[in-house]
Structures are given as C-alpha cells and as structure tokens.
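The next block holds one structure in the form of structure tokens; read it before the comments.
The values are calculated or read from the model by the stated rules, or taken from the named source; none is laboratory data. From a predicted model like this one, the values you see are computed outputs, not experimental measurements. Reconstructed Cβ throughout: ideal geometry from the backbone, glycine too, with neighbour counts over all protein chains shown. Ligands, DNA and RNA are stripped out before the accessible areas are found, and what is left, the full protein with its side chains, is counted by its heavy atoms. Shrake-Rupley method; radii C 1.70, N 1.55, O 1.52, S 1.80 Å.
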Amino acid sequence: MSSNFGEVLQADDRVDKHVPRKQNHKESEKEQEGQQNKKGFSMGRGKIQIKRIENTTSRQVTFSKRRSGLLKKAYELSVLCDAEVALIIFSSTGKLSEFASSSMRKTLDKYQKYAGAQICNLTNRDAEYWRSEALRMKEQVSFLQESQRHLMGDNLVSLSIKELQKLESQLEIGIRQVRARKTQLLLDQFQVLQKKEQLLLEENNILKRQLRELSASQAVPPKASNPHHCLQDAFSGKACSQLNRQTSKSSSVAAETTLQLGFPM
C-alpha cells in the first residue's frame, strides 16, 4: 500500500516536471490578484471561487496537487482512525488513481453487500407499505359499495333504527339538493326561452317593417296626362262607338229581314 502511494506521488512529481513552463502558476495567480485589486476587491487565501479552470496547464497542475493532497488525507485517515478507506479517482483523460487501506477488492465487495442490504431493506419496507395501502383501499371500496346498496334500498335488514334514521336523513338531504338543482336548471331554461322569444319578436317586427316598405315601394304611381295619349284614347273611343252602332244596325236589319221572310202567323 505504501509503495503504491509513493509511486503515485512520484508520478505527480514527473507530471510537474514534464508540464511546459510557459507561464509560472504563481505568477499567473499574482497577475489575477493584481487585476482583482485594480477592480476594487481582493481575494484572501482560501476563498477561491469553485468553478472549472479554463487554462489547460493550470487545470492539470491543480489536479495533480489536489489529487496528491486527497490521497495523503485518505492515508492519514486510515492510519490515525484505523478506518478502512478506499479512494478512486479518474482524471479528465481517463487516468486512474486509487488508494486502499487494506484491499480495494475486499472494500468494494463489502460496499456492494452493504448497499444491496440497504436496497433490500428499502424494497421490503416499500412492499409492506403498498400491501397495507392496498388492504386499506379494498376495505374502503367495500364500504362504499355497501353504502351505495343501502342508498338504493337493498340489504336494509342488517341496519339498526339509528342507521335507518341516518340513511333517511341522508336521502332527504339528497332529494332536497336534487330538487334545488332541478329548479335552478328549469329557471335557467325559462330565462333562455324568454330571451329567445324576445329576439323572435324583434325579428318579427323587423320583417313587418321591411314588408311594409317593400309593398309601399311596389305600389303603381298615377299616370301623367299626355295630349298624345288623350287623342289616342278619344279616337279609340269614337271608333268603338261607331263600331257598336254599325253592329246594332246590322243586327236590326237582319231581324227585320227575318221577320219579312217568315211565314205569316
């Protein structure tokens, strides 16, 4: 275990050596502090804003340092408190770093057994709860069905006088509510019919007024006096009178001729 922990620390030192030193990390932190001081505020030690480091070099250096510190704290916790500690770290590139005070496999098996037992306990508690809930709902459904049969007038033999009186009062209350609702619906329908009647009367009045206007517009106006038409009427009147006189004369002549040609009486 100690050799593994030493190898991790040596690997961290090699990572620090191979990191390109384009810009010193301390110098970059000093520049950031100087810029913040120019803006009017300063950041004390330990009050670092927790967010993702955008600079790749700074992020790699910070990861190496904090990983070493975390492994060291895990080792100290296992030694000082005699605790079984297992630590697993994966970097952003997928590199594995781990620490186990005894054995990683044994610790993981122990964790899986403990977690499985917890899950089983939770499952059993949930199953018991839902079982009791199902029984309660079943009893409630059976009670409601029995009450409905009583309201319908069935299975009244098993009821006592108090239960029958209670059932009677419930039925009376229900009948009053039903009648009140029925009366309200009838009043609403009556009001609707009254509004429809008023609208029909207004439409009838409008149609009567339109019919009167239409009949007045279709009435024939008196003919204007025209001399030409008057002469034509006079001429036609004279012609008709002459024709009538000629017809009467011809009829009288025919009558006389008939009288003359007939046998004497």
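Quick notes on this structure:
- Within the stretch 211-226, restricting attention to residues that are in a helix (DSSP H, G or I) and open to solvent by 100 Å² or more (accessible area, probe 1.4 Å), the residue that is modelled with the lowest pLDDT is Gln218.
- Scanning the stretch 151-191 for residues that are more than 41 Å from the chain's Cα centre (by Cα) and either exposed (fewer than 10 other Cβ atoms within 10 Å of the Cβ) or of a type in the set (Ser, Thr, Tyr) (or both) returns Gly153, Val157, Ser158, Ser160, Ile161, Lys162, Ser169.
- Scope the stretch 73-114; condition small (Gly, Ala, Ser), assigned to a helix (DSSP H, G or I) and under 30 Å from Thr56 (Cα atoms); matching residues: Ala74
- If the condition is being open to solvent by 30 Å² or more (accessible area, probe 1.4 Å) and closer than 23 Å to Arg105 by Cβ, then the stretch 77-86 contributes Leu77, Val79, Cys81, Asp82, Ala83, Glu84, Ala86.
- Tabulated pairs, the stretch 106-122, first at pLDDT below 80, second surrounded by 12 or more Cβ atoms within 10 Å (Cβ to Cβ) and β-branched (Val, Ile, Thr), C-beta under 6 angstrom, 6+ apart or interchain: none
- Residues that are surrounded by 14 or more Cβ atoms within 10 Å (Cβ to Cβ) and not hydroxyl-bearing (Ser, Thr, Tyr), drawn from the stretch 99-116: Phe99, Ala100, Met104, Lys110
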